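Chemist: There's a structure below that I have some questions on.
Every number in this text was worked out from the coordinates using simple rules, so none of it is lab data. Computed from a predicted structure; not experimentally measured. So basically every Cβ, Gly included, is an ideal-geometry build from the backbone, and we count neighbours across all protein chains shown.
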């Protein structure tokens, strides 16, 4: 293979890996929301408790998603040589721990992006797709939570109306 073909292959592989992980995590998020819709709605606890439980489960699913990305950052950096993370404004070579990858992943997933760590190589494409996926998953969760809260408020208001008429 010539050098251009090898470069295209090395650029293409992180893209494919990133798309696959994003798809898997979107599927995971769908399953979490499906579980919440079928199982949590049928619980007999107070509605506020179910709502708080829903928010807890959704938050945990986002943390797991960011952690999955952090494992991929770690593997792409330390095992597959597809890029690295660089600490900005530092002349010292930084050895990243899994905690550092998780921190970076959380800032990217939430699109917070402090800018203290910068990706290179294939980690750049992974970072971009993680931000896009995180934005979609967070807004999906916000929409879901809004629907659940609206149902809760509507039920509460309808019961209040019934008691007024009695």
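Chemist: Between residue 60 and residue 120, what FRET efficiency follows from the Cβ-Cβ distance if R0 is 22 Å, with the result rounded to 0.05? List each step's numbers first, then the result.
Modeler: Working: r = 31 Å, r/R0 = 1.40.
The value I calculate is 0.10.
Chemist: What nm distance separates the two modelled labels at residue 75 and residue 49, each placed 7 Å from Cα along Cα→Cβ?
Modeler: Those two pseudo-labels are separated by 4.0 nm.
Chemist: Taking the Cβ of each residue in 87, 108 as the centre, tally the other Cβ atoms inside 10 Å and list the residues starting with the fewest.
Modeler: On the way: 87 14, 108 26.
Exposure proxy ranking, most exposed first: 87, 108.
Chemist: Right, something else. For region 110-150, what is the convex hull (Cα atoms) projected area averaged across all directions, in square nanometres? Write down the numbers at each step before the final one.
Modeler: Details: hull surface 12.4 nm².
For region 110-150, the mean projected area of the Cα convex hull comes to 3.1 nm².
Chemist: Using R₀ = 35 Å, calculate the FRET efficiency as 1/(1 + (r/R₀)^6) where r is the Cβ-Cβ separation of residue 90 and residue 152; round to 0.05. All intermediate terms of the calculation are to be shown ahead of the outcome.
Modeler: Numbers: r = 48 Å, r/R0 = 1.38.
E(calc), rounded to 0.05, equals 0.15.
Chemist: When the chain is fully extended, how far beyond the present Cα-Cα distance does residue 20 get from residue 42, taking 0.36 nm per residue of separation?
Modeler: On the way: separation 22, 0.36 × 22 = 7.92 nm, distance 3.32 nm.
Difference between extended and current length: 4.6 nm.
Chemist: Another question about this same structure. Quick one: give the max-minus-min coordinate of the C-alpha atoms of region 11-157 along each principal axis, largest first, in Å.
Modeler: Its Cα atoms span 60, 29, 19 Å along the three principal axes.
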